[in-house]
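Some notes on the structure that comes next.
Quick note: the coordinates plus some simple rules give every number you see, no bench work behind them. Predicted, not measured: the structure shown is a model, and the values here were computed from it. So basically every Cβ, Gly included, is an ideal-geometry build from the backbone, and we count neighbours across all protein chains shown.
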Amino acid sequence: MRILVLSPRLPHSRAQSGMQIVYQRLSRLIDRGHDVGLACFLDREQDLPYLETLETGLMEMEVLQDPFLNRHLPKSVLSGRYSTPSSFFRYHSTRMKRMIGEMILRSGYDVVLAEFTAMGQSFYRNPFLPAVRRIISCHDSPTLGSRRQIDLMNASLNWGKQWLEYRHMRHMEFQLYRAADRVLTFTNEERLDLLEEEQTLGISAIHPGMQYENFTVGTDLPKEHCITITGRFSSEQAHLGVVWFLRNVWPLLRRRDPDVKLYLVGRDPTSAMKHAAGRDARIIVTGEVQDLRPFLEKSKVYVCPVRSGSGIRGKILEAMSMELPVVTTSVAAEGIPVDQGSNAFIADAPDIMSDIIQMLLHDPEKARTMGKRARNAVETHFGWGKSIDMLEKVLRDSTAKRSFHQAA
């Protein structure tokens, strides 16, 4: 089968979270004998060093410079009923649409797989797109994220603005899904939530795998008395989650344990995070790092305070693979088989989250036992073999022109 994969950034072996999933899918489809091509945007600052290391088994690869103007226009310019929502506008590109059409005509692809919802724009109103089967893999639904953000807000002017953004987002996102032959989600919960928004969609849930072999515990780094939060903090979900933690949970921990430190590890730290670090020396903001593993290895507890969005959080699976005890919100734990108090903790209230973190910081035996069970859960439920089997089935069913009911 000939498969063209669309990606918002260059997938490579050192990529993290969602882009690591794209890389694993690419390489494993190639290993199974499929002819795979790649079309993606290239962030020269972040991705260029890895361009030559990408999987050599690709049939072809075409890249475009990440649109500069799209990244830097303020959200206020993008507002309006008929404009493209900001979460989609960054990857809105007529050049990409044309390039994809030329690749399909040249190489005769059977199916196009758009990784991340925003890349599904390439299917919508594309005059250069030949007849081809189209699949969108929704890593994290912007509409569901906006809807859950509304649920966290009280009635106010900001609530009204968020509701309008949700309606605008929903209109755009579901136009993209209707233009595709199949939509993929990472969790069954997300699949059901999308069907609640629109029942006519053809959606399959495919759990991603986890390259847990790359996340193993070493012996050379001693544990620090610290907790760690990771993420791409330019994401609104990650940013709001950290702000909620700093305002509601961190003060409780700081009063009870003056020696504890907090590492905020990831690209694009926000001004609120930097301001908090400037006022409190126990908060360390690292910015982007090439390797998360040293920070996970030396930490005593991993926290994921995300309170909106959807899909599986790969960063939680990475922490669990490193045998690190995880404390997470119920939203962030979606799709992960959490056995409360055994392989992880779920806590949505600040005082409960603070109590659990405090307990794990001072009970190394409990933390060690939980970490080993967490690693075992990842190995049991997130192997790549089954995930690629399910993906191949959807690809075969789509190209065989079977009905959505048969494919599901």
Footprinting exposure proxy for Met322, Met172 (fewest neighbouring C-beta atoms within 10 Å first): Met172, Met322
Computed E for Asp351/Arg106 - FRET, C-beta separation, R0 51 angstrom, nearest 0.05: 0.30
Fluctuation leader among Cys40, Cys226, Cys138 - the chain, Gaussian network, Cα springs under 10 angstrom: Cys226
Cα gyration tensor shape for the chain, rounded if a/c is under 1.5, else prolate or oblate: prolate
Relative contact order %, the stretch 212-381, counting alpha carbon pairs below 8 Å whose residues are six or more apart: 25 percent
Between helix 350-361 and the chain: long-axis angle, C-alpha atoms, 0 to 90°, nearest 10: 70 degrees
Alpha-carbon gyration tensor eigenvalues x 5, square-rooted, for the stretch 306-408, Å: 34, 16, 8
Size of electric dipole in the chain: Cβ of Lys, Arg +1 and of Asp, Glu -1, about Cα centre, debye, nearest 20: 780 debye
Helix 142-151 vs. the chain, principal-axis angle (Cα, 0 to 90°, nearest 10): 40 degrees
Candidates Phe345, Phe295, Phe128: whichever shows maximal mean-square fluctuation once the chain is modelled as a Gaussian network with Cα springs under 10 Å: Phe128
Pairs of Lys in the stretch 267-408 closer than 25 Å at Cα, counting only those 8 or more apart or on different chains: 15
Highest-fluctuation residue, Gly241, Gly160, Gly371 considered, GNM on the chain with Cα pairs under 10 Å: Gly160
DSSP beta bridges in the chain [antiparallel fraction, %, rounded to 5]: 0 percent
Inter-part distance where the stretch 357-376 and the stretch 278-332 are each reduced to a Cα centre, Å: 15 Å
Helix axis angle, 94-107 relative to the chain longest principal axis, alpha carbon, degrees: 60 degrees
Taking the chain and dividing mean pair separation by its residue count, relative contact order in percent (alpha carbons under 8 Å, at least six apart): 14 percent
Residue order, fewest to most surrounding Cβ atoms within 10 angstrom, among Asp140, Asp259, Asp43: Asp259, Asp43, Asp140
Sequence of Leu164, Leu194, Leu201 once ranked by neighbouring C-beta atoms within 10 Å, starting from the fewest: Leu164, Leu201, Leu194
